[in-house]
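Participant: Below is the structure I would like to discuss, written out as structure tokens.
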């Protein structure tokens, strides 16, 4: 089974949304549950919205799993992911 998750990634700017991050990447917090098939979006001409396709191992279908969002010079953030959800993530910049 393949889950599709939409993630908008921005830099945190106080309580507001800062600039979009076009160099984000993703990792699973429980790699034995699923695999990331593909990530599209971002890049020099893209938007800060990423489409992440994740294939769930048959034994764990219907499970909620953890996804980690990372970007250079920013602290990573983890959150739980159900299928078909959209998220907005605001990453804190490292000093």
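Participant: Just to be sure, is residue 10 at negative phi and surrounded by fewer than 16 Cβ atoms within 10 Å (Cβ to Cβ)?
Facilitator: Working: at negative phi: yes; surrounded by fewer than 16 Cβ atoms within 10 Å (Cβ to Cβ): no.
Criteria not met by residue 10.
Participant: So, of the residues in the stretch 25-46 that are in contact with a strand residue (DSSP E or B) (Cβ under 7 Å, 6 or more places away or on another chain) and assigned to a loop (DSSP other than H, G, I, E, B), which turns out to be surrounded by the fewest Cβ atoms within 10 Å (Cβ to Cβ)? Explain how you work it out, then say what you get.
Facilitator: Quick first cut of the stretch 25-46, residues in contact with a strand residue (DSSP E or B) (Cβ under 7 Å, 6 or more places away or on another chain) only: 25-30, 33-42.
Within this subset, residues satisfying the condition of being assigned to a loop (DSSP other than H, G, I, E, B) are 29-30, 33, 41-42.
Values: 29: 13, 30: 11, 33: 17, 41: 17, 42: 21.
If we take residues in the stretch 25-46 being in contact with a strand residue (DSSP E or B) (Cβ under 7 Å, 6 or more places away or on another chain) and assigned to a loop (DSSP other than H, G, I, E, B), then 30 is surrounded by the fewest Cβ atoms within 10 Å (Cβ to Cβ).
Participant: Right, next: Within the bounds of the stretch 55-66, is there any residue that is under 18 Å from residue 12 (Cα atoms), in contact with a strand residue (DSSP E or B) (Cβ under 8 Å, 6 or more places away or on another chain) and in contact (Cβ under 8 Å) with a residue 24 or more places away in the chain? So that I can check it myself, show each step before the final result.
Facilitator: Going residue by residue through the stretch 55-66, those that are under 18 Å from residue 12 (Cα atoms) are none.
No, the conditions are met nowhere in the stretch 55-66.
Participant: Could you please find all residues in the stretch 47-69 being closer than 15 Å to residue 6 by Cα and assigned to a strand (DSSP E or B)?
Facilitator: 49, 50, 51, 52, 53, 54, 55, 65, 66, 67, 68, 69
Participant: Looking at (1) assigned to a loop (DSSP other than H, G, I, E, B); (2) closer than 18 Å to residue 85 by Cβ, can you tell me which one residue 22 breaks?
Facilitator: Of everything listed in (1) assigned to a loop (DSSP other than H, G, I, E, B); (2) closer than 18 Å to residue 85 by Cβ, residue 22 misses just condition (2).
Participant: Another question about this same structure. For the stretch 13-34, give me the residue count where each residue is under 13 Å from residue 92 (Cβ atoms) and under 15 Å from the mean Cα position of the chain (by Cα).
Facilitator: Residues that pass the stated criteria total 1.
Participant: Next question. Please go through the stretch 66-84 and give me each residue that is within 23 Å of residue 23 (Cα to Cα), surrounded by 11 or more Cβ atoms within 10 Å (Cβ to Cβ) and over 11 Å from the mean Cα position of the chain (by Cα), ordered by number.
Facilitator: Answer for the stretch 66-84, where residues must be within 23 Å of residue 23 (Cα to Cα), surrounded by 11 or more Cβ atoms within 10 Å (Cβ to Cβ) and over 11 Å from the mean Cα position of the chain (by Cα): 73, 74, 75.
Read-outs throughout are calculated quantities, based only on the coordinates presented, and are distinct from any laboratory measurement. The structure displayed is predicted, hence computed values, not measured ones. Backbone-built Cβ (ideal geometry, glycine too); neighbour counts: all protein chains shown.
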